[in-house]
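The values are calculated or read from the model by the stated rules, or taken from the named source; none is laboratory data. The structure displayed is predicted, hence computed values, not measured ones. So basically every Cβ, Gly included, is an ideal-geometry build from the backbone, and we count neighbours across all protein chains shown.
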Amino acid sequence: MRYAAIVSAIVLTAPVGIRAQVTTVDEGSFTIYRGAASIGRETFSIRRNVNPGGDVFVASAAVQLEDEHIAPALRTDASGAPLAYQVEVRTGSQVQERLSGQVGRGRFSARVKTPRGESAKEYIVSDGALVLDDDVFHQYYFLALGDRTGTVPVIIPRRNVQLAIQVEPLGTAPVSIGGDPITARRFKLTEPSGAVRQLWVDDKGRVLKVQLTTQGITAVRDEPPG
């Protein structure tokens, strides 16, 4: 069994004795560009498990970016706050990194395996923190979920950091998705380093386009949300 399938099975499993109702919030794919050149693709799904113990979002993807294959799986509460996160990064058949972490009591605790060995990571995270891992684009849904603006704490697991990102709404703008014009809400995200990202989402918060301005990378949805 491929690791991505294992991750999805782990994250999607509901507690014993609880039968969850699962609904699809969003699914689709992005083409990833550097400038005008296509360099990768992300296929993703976001599902909501409705159960008496509290709703849980499950977001997973398969990302191919140049010679890397990234398999992230995120579980959050109803507000988008992370509960657990796993990701594997491969180059060809070689596993470059495998991270498995949980958030609890104000800390992100993770175990990381690389070709050099295994290590434990732990650091304090702020209330309301979100996960936005590098090179993974569907996770921006959780930023739009709560209409967050101002200073937003963001966990970047593979960098092993939390950043205070400034989120500024820029109004609405048309975006062409699969040849169809869609009116999108647009946001500017600025890291403490000055690195800038831009985000376009539809009226339900589903991600249409992400631009990593400083890096010259853009991810554009292939088809309009269903």
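Conditions (1) surrounded by 14 or more Cβ atoms within 10 Å (Cβ to Cβ); (2) of a type outside the set (Ser, Thr, Tyr), marked per residue:
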| position | (1), (2) |
| --- | --- |
| 51 | yes, yes |
| 84 | yes, yes |
| 91 | no, no |
| 104 | no, yes |
| 124 | no, yes |
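Within segment 129-147, how many residues are in contact with a strand residue (DSSP E or B) (Cβ under 6 Å, 6 or more places away or on another chain) and among the small types (Gly, Ala, Ser)?
Number satisfying all stated conditions: 2.
Condition check ((1) modelled with pLDDT of 95 or more; (2) crowded, with 20+ Cβ neighbours inside 10 Å; (3) more than 23 Å from residue 38 (Cβ to Cβ)) across all residues:
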residue	(1), (2), (3)
136	yes, yes, no
139	yes, yes, no
143	yes, yes, yes
150	yes, no, yes
154	yes, yes, yes
167	yes, no, yes
181	yes, no, no
191	yes, no, yes
195	yes, no, no
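If you check 116, 111, which single one turns out to be in contact with a strand residue (DSSP E or B) (Cβ under 9 Å, 6 or more places away or on another chain), more than 25 Å from residue 33 (Cα to Cα) and among the charged types (D, E, K, R)? If you could, list the steps in order and put the result at the bottom.
Values: 116 fails: in contact with a strand residue (DSSP E or B) (Cβ under 9 Å, 6 or more places away or on another chain).
When all the criteria are applied, what remains is 111.
Which of the residues spanning segment 40-71 are in contact with an Asp or Glu (Cβ under 7 Å, 6 or more places away or on another chain) and not aliphatic (A, V, I, L, M)?
Across segment 40-71, the qualifying residues are 40, 44, 45, 48, 49, 54.
Residue 110: among the aliphatic types (A, V, I, L, M), within 19 Å of the chain's Cα centre (by Cα) and under 18 Å from residue 145 (Cβ atoms), yes or no? Lay out the reasoning, then the answer.
Values: among the aliphatic types (A, V, I, L, M): yes; within 19 Å of the chain's Cα centre (by Cα): yes; under 18 Å from residue 145 (Cβ atoms): no.
So residue 110 does not fit the description; no.
Which of the following residues is surrounded by fewer than 19 Cβ atoms within 10 Å (Cβ to Cβ) and either closer than 20 Å to residue 45 by Cβ or of a type in the set (Lys, Arg) (or both): 116, 75?
Working: 75 fails: surrounded by fewer than 19 Cβ atoms within 10 Å (Cβ to Cβ).
Criteria check complete, one pass: 116.
I'd like the full set of residues that are farther than 25 Å from residue 43 by Cα and part of a loop (DSSP other than H, G, I, E, B), limited to segment 149-164. Spell out how you get there, then give the answer.
Filtering segment 149-164 down to residues farther than 25 Å from residue 43 by Cα leaves 149-153, 161-164.
Matches in segment 149-164: 149 only.
Say whether the condition of being more than 24 Å from residue 56 (Cβ to Cβ) and in contact (Cβ under 8 Å) with a residue 60 or more places away in the chain is met by at least one residue in segment 109-127.
Within segment 109-127, none of the residues are more than 24 Å from residue 56 (Cβ to Cβ) and in contact (Cβ under 8 Å) with a residue 60 or more places away in the chain.
Working carefully through the options 20, 14, 4, 61, find the one that is touching a strand residue (DSSP E or B) at 6+ places or on another chain (Cβ under 8 Å), of a type in the set (Gly, Ala, Ser), surrounded by 13 or more Cβ atoms within 10 Å (Cβ to Cβ) and at pLDDT 95 or above. Talk me through it step by step, then tell me what you get.
Working: 20 fails: at pLDDT 95 or above; 14 fails: at pLDDT 95 or above; 4 fails: at pLDDT 95 or above.
On inspection, the qualifying residue turns out to be 61.
Which of the residues that make up segment 144-193 are hydrophobic (A, V, I, L, M, F, W, C) and closer than 12 Å to residue 129 by Cα? Quick ask: steps written out before the conclusion?
Within segment 144-193, the subset hydrophobic (A, V, I, L, M, F, W, C) is 144-145, 152, 154-156, 161, 163-165, 167, 170, 173, 175, 177, 182, 184, 187, 189.
Once the filter is applied, which keeps residues that are hydrophobic (A, V, I, L, M, F, W, C) and closer than 12 Å to residue 129 by Cα, segment 144-193 yields 152, 154, 155, 156, 161, 163, 164, 165.
Matching residues to (1) in contact (Cβ under 8 Å) with a residue 12 or more places away in the chain; (2) of a type in the set (S, T, N, Q); (3) crowded, with 19+ Cβ neighbours inside 10 Å; (4) part of a loop (DSSP other than H, G, I, E, B):
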position: 171; (1), (2), (3), (4): yes, no, no, no
position: 176; (1), (2), (3), (4): no, yes, no, no
position: 198; (1), (2), (3), (4): yes, yes, no, no
position: 203; (1), (2), (3), (4): yes, no, no, yes
position: 209; (1), (2), (3), (4): yes, no, yes, no
position: 224; (1), (2), (3), (4): yes, no, no, yes
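Among the residues of segment 166-196, how many are within 14 Å of residue 144 (Cα to Cα) and not hydroxyl-bearing (Ser, Thr, Tyr)? Walk me through how you get there before you give the answer.
Within segment 166-196, the first condition is being within 14 Å of residue 144 (Cα to Cα), and the residues that meet it are 166-172, 184-189.
With not hydroxyl-bearing (Ser, Thr, Tyr) added as a condition, the list becomes 166-171, 184-189.
Summing the residues that are within 14 Å of residue 144 (Cα to Cα) and not hydroxyl-bearing (Ser, Thr, Tyr) in segment 166-196 gives 12.
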